[in-house]
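In what follows, a structure is listed as C-alpha coordinates, so that the remarks can point back to it.
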Amino acid sequence: MPAIDPAHIPAKLFPVIDALCTTGAEVSRIIARGPLGQALGAGVGENSDGDQQKALDVLADEMFEAGLRGAGVRYYASEEQEEVLSLVEGGTYAVAADPLDGSSNIDVNVTIGTIFSIFEAAGDANASFLRPASEQVAAGYIAYGPQCLLALTFGEGTQLYVLDPETGSFALAEAKMSLPEAAKEFSINASNRRHWTPPVLAYVEENEAGAEGAKGRNMNFRWVGSLVAETHRILTRGGTFLYPSDARPGYESGRLRMVYEVAPMAFLVEQAGGLATDGTTPIMALTAEKLHERRPFVFGSRQEVERITELHG
Ligand code: AHG
Ligand code: MN
Ligand code: MN
Ligand code: MN
(Lines give C-alpha, C1' and ligand atoms only; values in the text may rest on other atoms or scores of the structure.)
(Ligands and ions follow the chains in the order given, each with its own letter.)
Protein backbone atom coordinates (compact mmCIF):
# COMPACT_ATOMS: atom_id res chain seq x y z
CA MET A 1 0.00 0.00 0.00
CA PRO A 2 1.38 3.45 -0.86
CA ALA A 3 1.97 5.87 2.02
CA ILE A 4 -0.59 8.30 0.50
CA ASP A 5 -3.73 8.04 -1.64
CA PRO A 6 -2.42 8.70 -5.17
CA ALA A 7 -5.73 9.98 -6.60
CA HIS A 8 -4.95 13.72 -6.44
CA ILE A 9 -1.19 13.63 -6.96
CA PRO A 10 0.51 14.24 -10.35
CA ALA A 11 1.98 10.89 -11.44
CA LYS A 12 5.47 12.33 -12.10
CA LEU A 13 5.72 13.61 -8.54
CA PHE A 14 4.16 10.60 -6.86
CA PRO A 15 7.41 8.74 -5.95
CA VAL A 16 8.76 11.86 -4.21
CA ILE A 17 5.53 12.59 -2.32
CA ASP A 18 5.20 8.91 -1.39
CA ALA A 19 8.77 8.92 0.00
CA LEU A 20 8.08 12.09 2.01
CA CYS A 21 4.94 10.45 3.42
CA THR A 22 6.67 7.14 4.23
CA THR A 23 9.41 9.03 6.06
CA GLY A 24 6.94 11.40 7.74
CA ALA A 25 4.95 8.43 9.07
CA GLU A 26 8.19 6.93 10.49
CA VAL A 27 9.15 10.25 12.11
CA SER A 28 5.64 10.47 13.55
CA ARG A 29 6.02 7.01 15.17
CA ILE A 30 9.34 8.04 16.74
CA ILE A 31 7.80 11.26 18.09
CA ALA A 32 4.79 9.37 19.47
CA ARG A 33 7.07 7.18 21.61
CA GLY A 34 8.65 10.29 23.12
CA PRO A 35 10.80 9.50 26.16
CA LEU A 36 10.27 5.75 25.71
CA GLY A 37 12.71 5.92 22.80
CA GLN A 38 15.83 8.05 22.53
CA ALA A 39 16.33 11.53 24.06
CA LEU A 40 14.83 13.39 21.09
CA GLY A 41 15.25 16.88 22.56
CA ALA A 42 18.86 16.50 23.66
CA GLY A 43 21.23 19.17 22.28
CA VAL A 44 23.75 17.60 19.89
CA GLY A 45 25.42 20.56 18.16
CA GLU A 46 24.83 23.63 16.06
CA ASN A 47 23.86 24.00 12.38
CA SER A 48 25.34 26.49 9.91
CA ASP A 49 22.52 28.97 10.77
CA GLY A 50 23.68 29.02 14.38
CA ASP A 51 20.56 27.13 15.56
CA GLN A 52 21.10 24.61 18.29
CA GLN A 53 20.46 21.14 16.85
CA LYS A 54 18.42 18.65 18.83
CA ALA A 55 18.80 14.89 18.35
CA LEU A 56 15.48 14.81 16.45
CA ASP A 57 16.59 17.61 14.06
CA VAL A 58 19.54 15.47 13.00
CA LEU A 59 17.64 12.16 12.94
CA ALA A 60 14.76 13.59 10.85
CA ASP A 61 17.27 15.13 8.44
CA GLU A 62 19.03 11.77 7.95
CA MET A 63 15.70 9.99 7.47
CA PHE A 64 14.39 12.44 4.84
CA GLU A 65 17.73 12.39 3.03
CA ALA A 66 17.59 8.59 2.82
CA GLY A 67 13.92 8.57 1.77
CA LEU A 68 14.47 11.12 -0.98
CA ARG A 69 17.57 9.29 -2.25
CA GLY A 70 15.43 6.16 -2.56
CA ALA A 71 12.90 8.14 -4.62
CA GLY A 72 15.54 9.24 -7.16
CA VAL A 73 15.69 12.89 -6.08
CA ARG A 74 18.57 14.83 -7.69
CA TYR A 75 19.29 17.44 -4.98
CA TYR A 76 18.45 17.77 -1.29
CA ALA A 77 18.81 21.11 0.55
CA SER A 78 18.18 21.05 4.29
CA GLU A 79 18.12 23.53 7.14
CA GLU A 80 20.47 21.13 8.93
CA GLN A 81 23.09 20.90 6.12
CA GLU A 82 25.42 23.70 5.11
CA GLU A 83 25.48 22.77 1.40
CA VAL A 84 23.08 21.18 -1.07
CA LEU A 85 23.55 17.38 -1.23
CA SER A 86 23.67 15.66 -4.63
CA LEU A 87 21.62 12.49 -4.23
CA VAL A 88 20.84 10.73 -7.52
CA GLU A 89 22.53 11.64 -10.81
CA GLY A 90 19.90 12.28 -13.50
CA GLY A 91 17.03 12.70 -10.99
CA THR A 92 14.26 15.13 -11.98
CA TYR A 93 13.57 16.96 -8.73
CA ALA A 94 15.27 19.16 -6.14
CA VAL A 95 13.75 19.06 -2.65
CA ALA A 96 14.37 21.60 0.11
CA ALA A 97 13.29 20.74 3.65
CA ASP A 98 13.07 21.94 7.19
CA PRO A 99 13.17 18.34 8.45
CA LEU A 100 12.02 19.27 11.94
CA ASP A 101 10.30 22.59 12.53
CA GLY A 102 9.59 23.83 16.02
CA SER A 103 12.48 22.03 17.66
CA SER A 104 12.04 24.01 20.91
CA ASN A 105 8.75 22.09 21.33
CA ILE A 106 10.21 18.58 20.97
CA ASP A 107 10.20 17.70 24.64
CA VAL A 108 6.91 19.36 25.58
CA ASN A 109 4.46 17.31 23.50
CA VAL A 110 3.36 20.25 21.34
CA THR A 111 2.89 20.06 17.56
CA ILE A 112 6.11 20.08 15.53
CA GLY A 113 6.49 19.43 11.82
CA THR A 114 8.37 18.95 8.57
CA ILE A 115 8.23 21.53 5.76
CA PHE A 116 9.23 20.79 2.16
CA SER A 117 9.50 22.59 -1.16
CA ILE A 118 9.98 20.90 -4.55
CA PHE A 119 11.50 22.36 -7.72
CA GLU A 120 12.48 20.70 -10.98
CA ALA A 121 16.26 20.32 -10.80
CA ALA A 122 17.91 23.02 -12.95
CA GLY A 123 21.53 23.82 -13.73
CA ASP A 124 23.69 23.09 -10.72
CA ALA A 125 22.82 22.27 -7.15
CA ASN A 126 22.42 25.85 -5.88
CA ALA A 127 20.69 27.12 -9.02
CA SER A 128 17.96 24.54 -8.43
CA PHE A 129 16.90 26.38 -5.26
CA LEU A 130 17.95 30.00 -5.84
CA ARG A 131 15.04 30.96 -8.08
CA PRO A 132 11.64 32.60 -7.77
CA ALA A 133 9.35 31.02 -5.18
CA SER A 134 6.71 30.90 -7.92
CA GLU A 135 8.76 28.18 -9.66
CA GLN A 136 8.03 25.63 -6.91
CA VAL A 137 6.17 22.67 -8.40
CA ALA A 138 4.93 21.49 -5.01
CA ALA A 139 5.16 22.36 -1.33
CA GLY A 140 3.81 20.93 1.89
CA TYR A 141 4.12 20.39 5.58
CA ILE A 142 3.57 17.40 7.81
CA ALA A 143 2.26 18.32 11.27
CA TYR A 144 3.07 15.88 14.08
CA GLY A 145 0.25 16.73 16.46
CA PRO A 146 -2.85 15.11 17.94
CA GLN A 147 -3.32 14.00 14.33
CA CYS A 148 -0.48 13.56 11.88
CA LEU A 149 -1.52 15.79 8.95
CA LEU A 150 -0.18 16.69 5.55
CA ALA A 151 -1.03 19.94 3.75
CA LEU A 152 0.04 19.76 0.13
CA THR A 153 -0.09 21.95 -2.97
CA PHE A 154 0.84 21.51 -6.61
CA GLY A 155 -0.39 24.99 -7.55
CA GLU A 156 -4.04 24.02 -7.91
CA GLY A 157 -5.37 24.58 -4.41
CA THR A 158 -4.16 23.21 -1.07
CA GLN A 159 -5.11 19.65 -0.13
CA LEU A 160 -5.27 18.24 3.38
CA TYR A 161 -4.47 14.62 4.27
CA VAL A 162 -4.62 12.77 7.59
CA LEU A 163 -2.36 9.84 8.45
CA ASP A 164 -4.81 7.05 9.22
CA PRO A 165 -3.34 5.05 12.12
CA GLU A 166 -5.45 2.08 11.01
CA THR A 167 -3.76 1.81 7.60
CA GLY A 168 -0.50 3.74 8.03
CA SER A 169 -1.33 5.77 4.91
CA PHE A 170 -2.27 9.44 4.40
CA ALA A 171 -5.91 9.76 3.27
CA LEU A 172 -7.52 12.85 1.71
CA ALA A 173 -9.53 14.85 4.27
CA GLU A 174 -10.13 18.08 2.31
CA ALA A 175 -9.60 18.52 -1.44
CA LYS A 176 -9.37 22.32 -1.28
CA MET A 177 -8.61 24.19 1.93
CA SER A 178 -9.95 27.72 2.19
CA LEU A 179 -8.33 30.26 4.50
CA PRO A 180 -11.00 32.64 5.92
CA GLU A 181 -10.68 36.23 4.64
CA ALA A 182 -11.13 37.90 8.01
CA ALA A 183 -9.12 37.08 11.11
CA LYS A 184 -9.90 36.92 14.81
CA GLU A 185 -6.38 35.93 15.92
CA PHE A 186 -2.82 37.13 15.37
CA SER A 187 0.56 35.54 16.10
CA ILE A 188 3.90 37.17 16.74
CA ASN A 189 6.67 36.57 19.26
CA ALA A 190 5.61 39.37 21.61
CA SER A 191 8.81 39.18 23.65
CA ASN A 192 10.51 41.04 20.79
CA ARG A 193 8.22 44.07 21.05
CA ARG A 194 11.00 46.47 22.05
CA HIS A 195 12.86 45.61 18.82
CA TRP A 196 9.95 45.99 16.36
CA THR A 197 9.68 48.52 13.52
CA PRO A 198 6.92 51.19 13.72
CA PRO A 199 4.53 49.46 11.23
CA VAL A 200 4.67 46.16 13.13
CA LEU A 201 4.13 47.92 16.46
CA ALA A 202 1.22 49.87 14.94
CA TYR A 203 -0.46 46.66 13.74
CA VAL A 204 -0.11 44.95 17.11
CA GLU A 205 -1.39 48.04 18.96
CA GLU A 206 -4.38 48.17 16.62
CA ASN A 207 -5.18 44.57 17.52
CA GLU A 208 -4.68 45.17 21.23
CA ALA A 209 -7.08 48.15 21.14
CA GLY A 210 -9.77 45.67 20.07
CA ALA A 211 -13.42 46.67 19.95
CA GLU A 212 -12.67 50.03 21.58
CA GLY A 213 -10.06 51.00 18.94
CA ALA A 214 -10.13 51.91 15.23
CA LYS A 215 -10.42 48.25 14.26
CA GLY A 216 -13.72 48.01 16.09
CA ARG A 217 -13.41 44.33 17.00
CA ASN A 218 -11.45 42.17 19.39
CA MET A 219 -8.47 40.10 18.30
CA ASN A 220 -7.11 37.14 20.22
CA PHE A 221 -3.41 36.34 20.52
CA ARG A 222 -1.79 32.94 19.83
CA TRP A 223 1.90 31.89 19.70
CA VAL A 224 2.98 28.24 19.63
CA GLY A 225 6.61 28.60 18.57
CA SER A 226 6.18 26.02 15.78
CA LEU A 227 5.62 27.57 12.35
CA VAL A 228 3.88 24.39 11.18
CA ALA A 229 1.35 24.51 14.04
CA GLU A 230 0.78 28.23 13.51
CA THR A 231 0.29 27.80 9.75
CA HIS A 232 -2.10 24.93 10.21
CA ARG A 233 -4.26 26.88 12.65
CA ILE A 234 -4.35 29.87 10.30
CA LEU A 235 -5.16 27.73 7.24
CA THR A 236 -7.99 26.17 9.21
CA ARG A 237 -9.67 29.15 10.86
CA GLY A 238 -7.90 32.30 9.64
CA GLY A 239 -5.54 34.65 11.44
CA THR A 240 -2.24 36.37 10.82
CA PHE A 241 1.35 35.41 11.49
CA LEU A 242 4.30 37.79 11.59
CA TYR A 243 7.99 37.08 11.96
CA PRO A 244 9.20 40.53 10.91
CA SER A 245 12.64 42.02 10.72
CA ASP A 246 13.59 43.63 14.02
CA ALA A 247 16.41 45.61 15.57
CA ARG A 248 18.29 42.66 17.10
CA PRO A 249 21.64 41.90 15.47
CA GLY A 250 21.07 38.99 13.06
CA TYR A 251 17.33 39.67 12.78
CA GLU A 252 17.53 42.27 9.98
CA SER A 253 15.49 39.84 7.87
CA GLY A 254 13.55 38.16 10.65
CA ARG A 255 14.22 34.59 11.69
CA LEU A 256 12.59 32.31 9.13
CA ARG A 257 14.47 30.84 6.19
CA MET A 258 13.25 31.68 2.68
CA VAL A 259 14.04 28.33 1.05
CA TYR A 260 12.98 25.91 3.80
CA GLU A 261 10.16 27.76 5.56
CA VAL A 262 8.93 30.97 3.93
CA ALA A 263 8.59 29.96 0.25
CA PRO A 264 6.76 26.65 0.85
CA MET A 265 4.40 28.12 3.47
CA ALA A 266 3.65 31.10 1.17
CA PHE A 267 2.76 28.70 -1.66
CA LEU A 268 0.38 26.70 0.59
CA VAL A 269 -1.23 29.83 2.07
CA GLU A 270 -1.82 31.54 -1.29
CA GLN A 271 -3.21 28.35 -2.81
CA ALA A 272 -5.76 28.32 0.04
CA GLY A 273 -6.79 31.92 -0.71
CA GLY A 274 -4.61 33.73 1.85
CA LEU A 275 -1.78 36.20 1.28
CA ALA A 276 1.93 35.89 2.09
CA THR A 277 4.37 38.82 1.95
CA ASP A 278 7.58 40.08 3.50
CA GLY A 279 5.55 43.04 4.79
CA THR A 280 5.16 44.63 1.37
CA THR A 281 6.14 42.29 -1.49
CA PRO A 282 4.44 38.95 -2.22
CA ILE A 283 6.80 36.11 -1.25
CA MET A 284 5.92 34.23 -4.44
CA ALA A 285 7.56 37.03 -6.46
CA LEU A 286 10.83 36.84 -4.50
CA THR A 287 13.99 34.89 -5.29
CA ALA A 288 16.37 33.53 -2.68
CA GLU A 289 19.94 34.66 -3.26
CA LYS A 290 21.51 32.41 -0.64
CA LEU A 291 20.51 28.95 0.49
CA HIS A 292 20.06 29.80 4.17
CA GLU A 293 18.89 33.39 3.78
CA ARG A 294 16.14 34.70 6.06
CA ARG A 295 13.09 36.75 5.07
CA PRO A 296 10.61 38.76 7.07
CA PHE A 297 7.36 36.79 6.85
CA VAL A 298 3.78 37.99 7.15
CA PHE A 299 0.91 35.76 6.09
CA GLY A 300 -2.68 34.83 6.70
CA SER A 301 -6.14 36.25 6.13
CA ARG A 302 -6.33 38.53 3.12
CA GLN A 303 -7.84 41.62 4.80
CA GLU A 304 -5.28 41.60 7.60
CA VAL A 305 -2.24 41.09 5.38
CA GLU A 306 -3.48 43.96 3.19
CA ARG A 307 -3.76 46.12 6.32
CA ILE A 308 -0.19 45.27 7.33
CA THR A 309 1.03 46.22 3.82
CA GLU A 310 -0.83 49.54 4.15
CA LEU A 311 0.90 50.24 7.46
CA HIS A 312 4.27 49.62 5.78
CA GLY A 313 3.39 52.07 2.94
P1 AHG B 1 13.27 25.51 13.58
O2 AHG B 1 12.85 24.73 14.77
O3 AHG B 1 13.10 24.75 12.29
O4 AHG B 1 14.62 26.15 13.69
O5 AHG B 1 12.22 26.70 13.36
C6 AHG B 1 11.81 27.44 14.46
C7 AHG B 1 11.09 28.64 13.94
C8 AHG B 1 9.59 28.50 13.82
O9 AHG B 1 9.05 27.26 13.98
C10 AHG B 1 9.04 29.44 14.84
O11 AHG B 1 7.99 30.13 14.23
C12 AHG B 1 10.18 30.35 15.20
O13 AHG B 1 11.35 29.71 14.81
C14 AHG B 1 10.24 30.62 16.66
O15 AHG B 1 11.18 31.60 16.84
P16 AHG B 1 11.62 32.22 18.25
O17 AHG B 1 13.05 31.83 18.35
O18 AHG B 1 11.44 33.71 18.12
O19 AHG B 1 10.74 31.61 19.30
MN1 MN C 1 16.49 25.16 13.58
MN1 MN D 1 11.62 25.77 11.16
MN1 MN E 1 14.06 22.96 11.69
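The values are calculated or read from the model by the stated rules, or taken from the named source; none is laboratory data. Remember, predicted model here, so these are calculated numbers, not experimental data. Please note: Cβ atoms are built from the backbone with ideal geometry, for glycine as well, and neighbour counts cover all protein chains shown.
Below are the figures for this structure:
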quantity	calculated
Set Glu261, Glu270: member being within 16 Å of ligand 3 (Cβ to nearest atom) and part of a helix (DSSP H, G or I)	Glu261
Failed condition for Ile115, given (1) without any contact (Cβ under 8 Å) to a residue 24 or more places away in the chain; (2) within 16 Å of ligand 1 (Cβ to nearest atom)	(1)
Only one of Asn218, Asn207 that is assigned by TED's automatic domain parsing to the domain that holds Phe297, touching a strand residue (DSSP E or B) at 6+ places or on another chain (Cβ under 7 Å) and polar (S, T, N, Q)	Asn207
Check on Thr231, more than 15 Å from ligand 3 (Cβ to nearest atom), under 25 Å from Leu152 (Cβ atoms), crowded, with 22+ Cβ neighbours inside 10 Å and hydroxyl-bearing (Ser, Thr, Tyr)	no
Residue selected from the stretch 175-199 under the condition of a type in the set (Gly, Ala, Ser) and surrounded by 14 or more Cβ atoms within 10 Å (Cβ to Cβ), by the criterion farthest from Ala209 (Cα to Cα)	Ser178
Leu150 vs. criteria outside any loop (DSSP other than H, G, I, E, B) and of a type in the set (A, V, I, L, M, F, W, C)	yes
Pair list, Cβ under 8 Å, 6 or more apart: the stretch 267-291 residue without any contact (Cβ under 8 Å) to a residue 60 or more places away in the chain, other residue in a loop (DSSP other than H, G, I, E, B) and among the charged types (D, E, K, R)	Asp278/Arg295
Selected residue (only one of Gly67, Gly90, Gly123, Gly72 is among the small types (Gly, Ala, Ser) and crowded, with 23+ Cβ neighbours inside 10 Å)	Gly67
Subset of the stretch 94-108 [touching a residue at least 60 places away in the same chain (Cβ under 8 Å) and over 19 Å from the mean Cα position of the chain (by Cα)]	Asp107
Residues (closer than 30 Å to Leu40 by Cβ and outside any strand (DSSP E or B)) located in the stretch 101-124	Gly102, Ser103, Ser104, Asn105, Ile106, Asp107, Val108, Asn109, Val110, Thr111
Positions within the stretch 46-57 being within 14 Å of ligand 3 (Cβ to nearest atom), surrounded by fewer than 21 Cβ atoms within 10 Å (Cβ to Cβ) and not small (Gly, Ala, Ser), in sequence order	Asn47, Asp49, Asp51, Gln52, Gln53
Any hit, the stretch 56-64, residues being modelled with pLDDT of 95 or more, part of a helix (DSSP H, G or I) and more than 16 Å from ligand 4 (Cβ to nearest atom)	no
Positions within the stretch 192-222 being of a type outside the set (D, E, K, R) and more than 27 Å from the chain's Cα centre (by Cα), in sequence order	Ala209, Gly210, Ala211, Gly213, Ala214, Gly216, Asn218
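Okay, residues lined up against (1) under 30 Å from Pro2 (Cα atoms); (2) away from ligand 3 (no atom under 16 Å from the Cβ):
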position	(1), (2)
Ser169	yes, yes
Ser178	yes, yes
Ala183	no, yes
Ala190	no, yes
Arg194	no, yes
Pro199	no, yes
Tyr203	no, yes
Leu242	no, no
